[in-house]
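So the structure is just underneath, and the comments pick up after that.
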Amino acid sequence: MTDTHQPRLRDVPLTSEDLAICDMVLDELCAEFQLANGRSVVDHLASIIIELYRQGVREPEQLSCWRGRREKRAIDRSPCVNDQMM
């Protein structure tokens, strides 16, 4: 009996092309909201973008539009916005 178990999409390793898409979306959001690399909110955004990508959200427009609106609210309330402006 053969195992026909297919790994879940989120368990498949990301390729360099996948990471390039996630990185492009992150760069666009950082530019839009004027976020400096190295801030905790940028790390948080990156992890959310990658998680969404692993769950099957593959279009950059979907990744950036959905996260952009939601993260903008979180960024506005974040205590690290003012202490790490660069």
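A short reminder: the numbers here are calculations on the coordinates, not readings from a lab. For clarity, every value in this text was computed on a predicted model and none was experimentally measured. Don't worry about glycine lacking a Cβ; one is built from the backbone with ideal geometry, like all the others, and counts go over all protein chains shown.
Of the residues that sit in region 20-43 and are outside any loop (DSSP other than H, G, I, E, B) and without any contact (Cβ under 8 Å) to a residue 12 or more places away in the chain, which one is surrounded by the fewest Cβ atoms within 10 Å (Cβ to Cβ)? Steps first, answer last, please.
Narrowing region 20-43 to residues outside any loop (DSSP other than H, G, I, E, B): 20-33, 40-43.
Checking which are without any contact (Cβ under 8 Å) to a residue 12 or more places away in the chain leaves us with 20, 23, 27, 31, 43.
Details: Ala20: 11, Asp23: 14, Asp27: 12, Ala31: 9, Asp43: 12.
Per the stated criteria, the residue is Ala31.
Specify the residue that is surrounded by the most Cβ atoms within 10 Å (Cβ to Cβ); the eligible residues are those in region 44-62 that are small (Gly, Ala, Ser) and within 9 Å of the chain's Cα centre (by Cα). Break it down into steps so the answer makes sense when it comes.
Our first condition is that a residue be small (Gly, Ala, Ser); within region 44-62, this holds for 46-47, 56.
Cutting the leftovers down to within 9 Å of the chain's Cα centre (by Cα) gives us 46-47.
Numbers: Ala46: 17, Ser47: 11.
Looking at the filtered set, the residue picked out is Ala46.
Of all residues in region 2-19, count the ones that are in a helix (DSSP H, G or I) and not charged (D, E, K, R).
So the first thing to find is which residues in region 2-19 are in a helix (DSSP H, G or I), and the list is 9-11, 16-19.
If we keep only those that are not charged (D, E, K, R) as well, we get 9, 16, 19.
The qualifying residues number 3.
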Review point. Of the residues that make up region 31-48, is at least one under 14 Å from Ser64 (Cα atoms) and among the acidic types (Asp, Glu)?
Key: yes
